[in-house]
Amino acid sequence: MEIIILSLFGLAILLLAAYGYKISAKTAEDYMLAGRTIGVVVMFFFILFAVSSSWTFYGYPGFLYLHGPAYIYFIWGSVAGFAALYMFLGPRLWAVARLNRYISPVEVLSERYESPLLRLILSIMLLAFIVPYIGIQPLGVGLGFKALTGLPVIVGALYTVALLVILVFLGGMRIVAWGNIFLGAVYATAILGSLIWVVNRFLPGGLTEAAQNLMVSNPELLSAPGPLGYFKPVIIGGTMVVGLLAFSWPHIVIGVMTARDKLLFKWFPLLIFVFGGVFFYTIPFIWGSLVAPAVMPGVVGKEAVDSIIQTIITKYLPGWFSIYVLMGVIAAAVSTAAVQLLTSSIIVSRDLIQGFFKPDAADIKIIRWARLSLIGVVVLSLGISIWNPMAMALYLTEVTIPGFAQWGPALVGGLLWKRGTKQGALTGTLAGLIYLIAGLIYRPLFFEMHPVMPTIIVNMVLYIAVSFFTPPPSEEIRSKFFDEVDDFLAAK
Amino acid sequence: MREILKHTPGRIFLIILFLSVVGMLFVPRYFTSKVLVFGWMTLPLAAGLIFIFVWLVAYLIYFFKYWPYR
């Protein structure tokens, strides 16, 4: 039964990818940026589910179950970060990329700062942080697969990888974006449906009953710092700041460049606030912070806690629904990893291969390199995840997010600050990156802060200071990246 | 964002957003209280919903009435 349903699900993905291949224009712009034709509704699903990985089913509710409700501050920060990207940076990045036919955000910055060296550094840095992150998704699915079917973890992981490769290889950005509507709908109905079902069955008094039960059995779960004393005010604040830096996630930034027109930037935040912030992200929050501890208290051990929702569903709901939920988790994993995978392959083909070795390559070659590199990236990321699975969970919060943040100052300054210079961008980015690596090797260098805090401050200060002490960008660059963009955006 | 900084409504918009972030960083000291809004909503959830509501209202007013590229 499980195998048949999952095969049908795989077939649906295959058909979607084949359709995308059939209708694509076979140009680099079409494969990598969906021909810059994504409208606001597709963009919303595209971005929401590019962000909502299997972490929203495993890691997030598991952490809430262990440490109480304050972890939601990461979500509040992230929602504001994504909205800020679309309100403040998005229109300019979209306009300059459209005017100059740029395909990758790294390409935009290398042109803005007139620095191939910056292109190389940013490409390698972003790949180093995004590639292991991709591998976490199939591995997470593999664990769910094992729990439901009894098959080894690698079977579920390979199944997910196969879906990923088919979707991205054939479909490109357009089908990854459209596919996220289908995948997101499966995931949203699975997680919301399971929540409603479990509440109806075990908590006739609804969420109030869940909260009252916890008030009696484990009241520390209803407040900060939580049962283990983790969420002190400074940690809660730091968690929100880390969330705010979501504007710098490269697979989200590239989404901006696929927009059809500038009106998207007017409407998109509305969907993010209402459907993302108020609705979607509160579902796993309610699951992990209220319902799971009320229905199944006393679970210990990180792996068991991470699987708490799946355990409850498997134990108390019908088998066919458990399969549907697993399908939802696969959908969440694929929707995120596909965007990350495509972003990585764009960086490899456009920024590294074409940028440094084959500047005059035809579109068909760029697409071929992107397809080949995505296979390399997926094999590498899965290999890293299998080789060292325990370190991967830490990699996400302690390494990936601080790593992504290191191109933040150069990105923001490059788009908004005329005075930002190549020397400032290079110095700030390199200093932040070296500090991050050194601190990860020798933790006291972070002074008991989250890795992102001291590294981003050093990066930002150096970017601004060095920019002030070095010659300003040329008039040509200022005109191309500011005056022309202003005129283009101001036009009706 | 450059266009937002160039006029008064934009600057007011940014100040409101900034103050709401500061407020969010200030209120966690009260999260030790086990107060439940509507009988089930914990304080970090309630604070975040208010925060999102402030951003939503500020965004709606600014982007639909004052944003130069609207």
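Tabulated data for the structure shown
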quantity: Ellipticity estimate at 222 nm from DSSP helix runs (n ≥ 4, -39,500 (n - 2.57)) divided over chain B, nearest 500; calculated: -21500 deg cm²/dmol
quantity: Approximate spin-label separation A:Val300-A:Ile434, in nm, with each point projected 7 Å along Cα-to-Cβ; calculated: 4.6 nm
quantity: FRET efficiency for A:Asn100 and B:Leu14, using Cβ-Cβ distance with R0 set to 45 Å, rounded to 0.05; calculated: 0.95
quantity: Positive-pole candidate from A:Ala294, A:Thr311, A:Met32, dipole of region A:2-388, charges at beta carbon; calculated: A:Met32
quantity: Extension gain, A:Leu117 back to A:Leu380 (0.36 nm per residue minus Cα-Cα distance, nm); calculated: 92.2 nm
quantity: Heavy-atom SASA rank of A:Arg174, A:Arg260 (probe 1.4 Å, accessible area, largest first); calculated: A:Arg260, A:Arg174
quantity: Solvent-accessible ranking of B:Trp40, A:Trp94, largest area first, probe 1.4 Å; calculated: B:Trp40, A:Trp94
quantity: Surface per residue (accessible, 1.4 Å probe) for the protein assembly as shown, Å²; calculated: 37 Å²
quantity: Solvent exposure, largest accessible area first (probe 1.4 Å, DNA, RNA and ligands not counted), of B:Val37, A:Val234; calculated: A:Val234, B:Val37
quantity: For region A:291-431, alpha-carbon Rg relative to the globular expectation (2.2 N^0.38 Å, N residues); calculated: 1.47
quantity: Bins of 10 Å, starting at 0 and running to the largest distance - Cα pair percent for region A:194-333; calculated: 9, 29, 33, 22, 7, 0
quantity: Potential extension, A:Phe279-A:Ala162 segment - 0.36 nm per residue separation minus Cα distance; calculated: 39.0 nm
quantity: Heavy-atom accessible surface of the protein assembly as shown: percent carbon and sulfur, 1.4 Å; calculated: 72 percent
quantity: Convex hull of the protein assembly as shown built on C-alpha atoms - directionally averaged projected area, nm²; calculated: 24.1 nm²
quantity: For A:Thr37, residues with placed amide H under 5 Å, excluding near neighbours; calculated: none
quantity: Helix runs (DSSP H) in chain A reaching 30 Å along axis by Cα, Kyte-Doolittle at least 0.5; calculated: A:2-23, A:116-149, A:172-202, A:319-346, A:363-387
quantity: Minimum 30 Å² accessible area buried by the other protein chains, region A:237-286 residues, probe 1.4 Å, relative to alone; calculated: A:Met240, A:Lys262, A:Lys266, A:Leu270, A:Phe273, A:Val278, A:Phe285
quantity: Accessible surface buried once A binds B (1.4 Å probe; total of both sides; Å²); calculated: 3700 Å²
quantity: Virtual paramagnetic centre 7 Å along Cα→Cβ of A:Ala491, amide N under 19 Å, in region A:10-54; calculated: A:36-38
quantity: Computed accessible area, A:Glu220, all protein chains, 1.4 angstrom probe, square angstrom; calculated: 70 Å²
quantity: Sum of -39500 (n - 2.57) over DSSP H runs of 4+, divided by residues of chain A (222 nm, nearest 500); calculated: -22000 deg cm²/dmol
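The values are calculated or read from the model by the stated rules, or taken from the named source; none is laboratory data. Predicted model, so just to flag it, every value in this text is computed and none were measured. Every residue, glycine as well, gets a Cβ built from its backbone with ideal geometry; the counts of neighbours run over all protein chains shown. The protein model used for the area step is the full one, side chains on, heavy atoms only, and it has no ligands, DNA or RNA in it. Shrake-Rupley method; radii C 1.70, N 1.55, O 1.52, S 1.80 Å.
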